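Here is the structure we will look at.
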């Protein structure tokens, strides 16, 4: 259990990205490694614009947006877009773009380990009661406010609004939205439109599952070799075969189309 009190920022800092975004695959990514991203999020959690949120799109998200363009604004309206995928990092490098992978699970772990005061309130939307207990024990947290969101959120606007209301009723610097994509981004958008929510929302999927041991991440060497997808596939073949073997490869076609778009735009300048 960790008991060290962490220093909070002395005043709000406007949540403006620190440098020009990297336009890649149709989204303005911020090229931030994990430590910088976590420090930036913490320093700007209580920004002057009220509630804001962070998204971490991966290959699956990017491919889904091409099938369902209505989802893209959920990402574009965020104040910070981090690259969750080492495959996207690789594709960007082929275009000589520096776009380091900042996996949401790593950013969330860093926030709990380095940035969050154990005694400050933290909101979690999603997860299970046992995960909340494990999270509190692992990081010595004394004030976790948990909203047990129901299944089927995407087609339940009332439940999405209840989640946003819960966030407003429980002021905190950090709101961890752990209900999968695009449900978590829909809650983040509802919270940003609410008017009464403060702090920052992190659309972080299974991040807390990994932190609490409910799910296991690939070994570090597999992550470094860009094989985390293979590890997950072998552990959950029934759920992930279509995602990784049918839909996932479509990212290469998206990258090629985006490459031509960027080249055409550069030539027109």
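The values are calculated or read from the model by the stated rules, or taken from the named source; none is laboratory data. Everything numeric here is computed off the predicted structure, so don't read it as measured data. Glycine also receives a Cβ, built like all others from the backbone with ideal geometry; neighbour counts cover every protein chain displayed.
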Within the stretch 148-172, restricting attention to residues that are surrounded by fewer than 22 Cβ atoms within 10 Å (Cβ to Cβ) and touching a strand residue (DSSP E or B) at 6+ places or on another chain (Cβ under 7 Å), which residue is farthest from residue 126 (Cα to Cα)?
-> 170
Selected residue (criterion: farthest from residue 72 (Cα to Cα)) from residues of the stretch 183-204 that are free of Cβ contacts under 8 Å to residues at least 60 places away in the same chain and touching a helix residue (DSSP H, G or I) at 6+ places or on another chain (Cβ under 6 Å) = 196
The residue from 223, 232, 261 that alone is surrounded by fewer than 19 Cβ atoms within 10 Å (Cβ to Cβ) and in contact with a helix residue (DSSP H, G or I) (Cβ under 9 Å, 6 or more places away or on another chain) is 223
Among the residues of the stretch 132-144, is there at least one that is surrounded by 23 or more Cβ atoms within 10 Å (Cβ to Cβ), within 23 Å of residue 200 (Cβ to Cβ) and either touching a strand residue (DSSP E or B) at 6+ places or on another chain (Cβ under 9 Å) or at pLDDT 95 or above (or both)?
-> no
State whether the residues of the stretch 161-176 include one that is in a loop (DSSP other than H, G, I, E, B), touching a residue at least 40 places away in the same chain (Cβ under 8 Å), under 21 Å from residue 78 (Cβ atoms) and under 17 Å from the mean Cα position of the chain (by Cα).
-> yes
Go over the candidates 253, 226 one by one and state the one that is at pLDDT 90 or above and out of contact with any strand residue (DSSP E or B) (no Cβ under 9 Å at 6 or more places or on another chain).
-> 253
Residues that are in a helix (DSSP H, G or I), more than 24 Å from residue 54 (Cβ to Cβ) and under 22 Å from the mean Cα position of the chain (by Cα), drawn from the stretch 205-241 | 222, 230, 231, 233, 239, 240
Matching residues in the stretch 177-194 - criterion: being under 14 Å from residue 151 (Cβ atoms) and either surrounded by fewer than 19 Cβ atoms within 10 Å (Cβ to Cβ) or modelled with pLDDT under 95 (or both) | 180
Before we move on, is residue 245 farther than 17 Å from residue 89 by Cβ, surrounded by 16 or more Cβ atoms within 10 Å (Cβ to Cβ) and either at pLDDT below 90 or under 24 Å from the mean Cα position of the chain (by Cα) (or both)?
-> no
Residue 180 fails exactly one of the following numbered conditions: (1) more than 12 Å from residue 124 (Cα to Cα); (2) in a helix (DSSP H, G or I); (3) under 14 Å from the mean Cα position of the chain (by Cα). What is the number of that condition?
-> (2)
Residue check, residue 253 part of a helix (DSSP H, G or I) and surrounded by 12 or more Cβ atoms within 10 Å (Cβ to Cβ) = no
Of all residues in the stretch 25-39, count the ones that are touching a helix residue (DSSP H, G or I) at 6+ places or on another chain (Cβ under 8 Å) and assigned to a loop (DSSP other than H, G, I, E, B).
-> 4
